[in-house]
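Enquirer: Quick one: the structure is below, and I'll ask about it shortly.
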Amino acid sequence: MESETLALDLDDNGFPIDSLSSEEEPVDRDSEKVEERGLVIPSAVQNTGSFALDFYAGGTDWSCLISKEKCSGNKGLVQKNLFQAWGIEKPSLIPSRSSISFSPPRKRHCSKRIAEDRSGTERPRICPFYKKIPGTSFAVDAFRYGLIQGCSGYFLTHFHYDHYGGLSKRWSHGPIYCSPLTARLVKMCLSVNPLFICPLELDTEHLIDGVKVTMLEANHCPGAALVHFRLKDGRCYLHTGDFRACKMMQSYALLTSQRINVLYLDTTYCNPKYRFPPKEDVVNFVVRTTRKYLEKQPKTLVVVGSYSIGKEHVYVTISQALGVQIYTDPSRRRILQSFGWPQLCGQLCSSGQTSPLHVLPLSVLRPESLKEYLKKYSPQFTAVLAFRPTGWTYSEATGNHLDLIKPTSKGNITIYGVPYSEHSNYEELREFVKFLRPERIIPTVNVGNAANRDKMQSYFQEWLKT
DNA sequence: GCGATCAGCT
DNA sequence: CACAGCTGATCGC
């Protein structure tokens, strides 16, 4: 192997190996990262087939792994929580005199200007390599990078802002492939030219640019899909987008019939400390708790917090258990109606007075805001019982014991944080990977730091032993 | 005035 | 913190 002239090495998963201790100076390394030089083929790649070669052909810029993907400005590093969680020191920032070729800085007259060493430097948005599907002209959830060289098909896994960001009426870079429900949401909520929106029926093989593409239910938010690619050469790639792995997925024929060569995995909670319960357990707890409060105080207004889409199951279940309608504001109602789910659509009502069950943006689920909100419905309702459903609510102390959850109470306002997650917990990730036994795994979340990636890779290796 | 984007915030 | 946004300010048009 002649590796003398080679600048970068890859680990088993196509990530650049952190080689600060090698002959290279940090400065060189920095510039190497960002220079759009010709293909530099690392030694590690040369013997490992086309996978990493394809990645390199798709772009050699790794700087996206250093800055937070959704952080477009000049903020510092991210993932501090995981540094803490895994007992890792916060790494030093890359030099701010980065040699990235900055796009012309836009002048902003912000009175709260940030520190000088951070000002005036803007990182260009370059599509991270793990959003490109090697051997194809496809990218996944990559709309905020403008035109991606060589990309002629843009996949959208689900309708959450951090995945569709960049889609607007000015989108003109290529067709947007997504599930039919997601397609409806894009049409309703964004002003994208409808000609670009290409709905792909779930569980159906679609031939696109010679690649067989199948969308599969992802058990995340409504419309969310896993994307399965089968290339001409027979290689199979699975991109999970965001998902919550479950037993049902083990019955997908596509996942049992042929080995997955590369799994692009939603690793949001890929740490053993995340042991939150199944969604059903959490929903049952919410219903139990609601019943208890209503018994004590029948004039309780029940509130469920939610982002734009997601968490519907929580309030639909309350609605069914108590036999009450669901109130939410017209804009959210319009979106929920578009799902076409009878259990949901049939229960929506347009007056807050006629329903004791309201769905509000999570930002309202604070004691002061809810107190204000309750005033509008006085004296019909005299207290609020609110639920914030999110995976981050999970605490190790509480663990799986939902009944140990202590609400925050202020007067007649009670707020429960409940660990209802639409991402896989650690165990579910492990089970899914052990079932799938993919040849290679590329994590797509928490990848901003080599130590995080190493930690995750060590989990993967452990799971795939023998 | 309007849509898009960004900093700051939760 | 992050999840997946939201809010308000400030751009271009």
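The values are calculated or read from the model by the stated rules, or taken from the named source; none is laboratory data. All values reported here derive from a predicted model rather than from experimental measurement. FYI the Cβ positions are ideal-geometry reconstructions off the backbone, even for glycines, and counts take in every protein chain you see.
Enquirer: List, please: which pairs have Cβ atoms under 8 Å, are six or more places apart or on different chains, and start with a residue in the stretch A:363-374 that is farther than 12 Å from A:K410 by Cβ and end with one that is in a helix (DSSP H, G or I) and of a type in the set (V, I, T)?
Expert: Correct list of pairs: A:Y373/A:V364.
Enquirer: Are any of the residues in the stretch A:393-402 in contact with a Pro (Cβ under 8 Å, 6 or more places away or on another chain) and within 16 Å of DNA strand B (Cβ to nearest atom)?
Expert: yes
Enquirer: Of all residues in the stretch A:414-441 being in a helix (DSSP H, G or I) and touching a strand residue (DSSP E or B) at 6+ places or on another chain (Cβ under 8 Å), which is surrounded by the most Cβ atoms within 10 Å (Cβ to Cβ)?
Expert: A:L429
Enquirer: Still on this structure: Restricting to strands (runs of 3 or more DSSP E) lying wholly in the stretch A:205-291: which have 1 or more residues that are surrounded by 21 or more Cβ atoms within 10 Å (Cβ to Cβ)?
Expert: The strands (runs of 3 or more DSSP E) meeting that bar are A:211-217, A:225-230, A:236-239, A:262-265.
Enquirer: What number goes with the only condition from (1) within 14 Å of DNA strand C (Cβ to nearest atom); (2) closer than 30 Å to A:V314 by Cα that A:F155 does not pass?
Expert: Single failed check for A:F155: (1).
Enquirer: Looking at (1) farther than 26 Å from A:P222 by Cα; (2) crowded, with 19+ Cβ neighbours inside 10 Å; (3) not charged (D, E, K, R), can you tell me which one A:S409 breaks?
Expert: All conditions pass for A:S409, except number (2).
Enquirer: Would you confirm, using the coordinates I've provided, whether A:R235 is away from DNA strand C (no atom under 16 Å from the Cβ), closer than 24 Å to A:E431 by Cα, of a type in the set (D, E, K, R) and in contact with a strand residue (DSSP E or B) (Cβ under 6 Å, 6 or more places away or on another chain)?
Expert: Answer is no for this residue.
Enquirer: Scan the stretch A:138-164 for residues that are more than 16 Å from DNA strand B (Cβ to nearest atom), surrounded by fewer than 20 Cβ atoms within 10 Å (Cβ to Cβ) and not in a loop (DSSP other than H, G, I, E, B) and jot them down.
Expert: Across the stretch A:138-164, the qualifying residue is only A:G153.
Enquirer: Next up: Sort through A:S351, A:S319 and tell me the only one that's over 26 Å from the mean Cα position of the chain (by Cα) and modelled with pLDDT under 95.
Expert: Only one candidate passes the filter, namely A:S351.
Enquirer: Return yes or no: is A:L357 more than 16 Å from DNA strand B (Cβ to nearest atom), touching a Ser or Thr at 6+ places or on another chain (Cβ under 9 Å) and outside the structural domain of A:L190 (by TED's automatic domain parsing)?
Expert: Yes: the conditions hold for A:L357.
Enquirer: For the stretch A:340-386, which residues satisfy the criterion of being in contact with a helix residue (DSSP H, G or I) (Cβ under 7 Å, 6 or more places away or on another chain), surrounded by 14 or more Cβ atoms within 10 Å (Cβ to Cβ) and assigned to a loop (DSSP other than H, G, I, E, B)?
Expert: Across the stretch A:340-386, the qualifying residues are A:Q347, A:Y377, A:F381.
Enquirer: For the stretch A:116-131, check the following and say yes or no: at least one residue is in a loop (DSSP other than H, G, I, E, B), at pLDDT 90 or above and either outside the structural domain of A:R235 (by TED's automatic domain parsing) or of a type in the set (D, E) (or both).
Expert: For the stretch A:116-131, residues in a loop (DSSP other than H, G, I, E, B), at pLDDT 90 or above and either outside the structural domain of A:R235 (by TED's automatic domain parsing) or of a type in the set (D, E) (or both): absent.
Enquirer: Also: Output the qualifying pairs, or none if there are none: Cβ atoms under 7 angstrom, residues six or more apart or on different chains, first residue in the stretch A:223-234 and closer than 14 Å to A:R259 by Cβ, second residue assigned to a loop (DSSP other than H, G, I, E, B) and not hydroxyl-bearing (S, T, Y).
Expert: That search, which allows pairs on different chains as well, returns A:L231/A:G135.
Enquirer: For the stretch A:165-180, which residues satisfy the criterion of being within 12 Å of DNA strand B (Cβ to nearest atom) and not polar (S, T, N, Q)?
Expert: Initially, the stretch A:165-180 is screened for residues within 12 Å of DNA strand B (Cβ to nearest atom), giving A:165-173.
Passing the criteria: A:G165, A:G166, A:L167, A:K169, A:R170, A:W171, A:H173.
Enquirer: State whether one or more residues within the stretch A:170-188 are in contact with a helix residue (DSSP H, G or I) (Cβ under 8 Å, 6 or more places away or on another chain), within 12 Å of DNA strand C (Cβ to nearest atom) and modelled with pLDDT under 95.
Expert: For the stretch A:170-188, residues in contact with a helix residue (DSSP H, G or I) (Cβ under 8 Å, 6 or more places away or on another chain), within 12 Å of DNA strand C (Cβ to nearest atom) and modelled with pLDDT under 95: present.
Enquirer: Okay, next question. Under 6 Å by Cβ, and 6 or more places apart or on different chains, what pairs join a residue from the stretch A:179-197 that is under 9 Å from A:L167 (Cβ atoms) and β-branched (V, I, T) with one that is more than 15 Å from DNA strand C (Cβ to nearest atom) and outside any helix (DSSP H, G or I)?
Expert: Cβ pairs passing all conditions: A:V186/A:V192; A:V186/A:I197; A:V192/A:W171.
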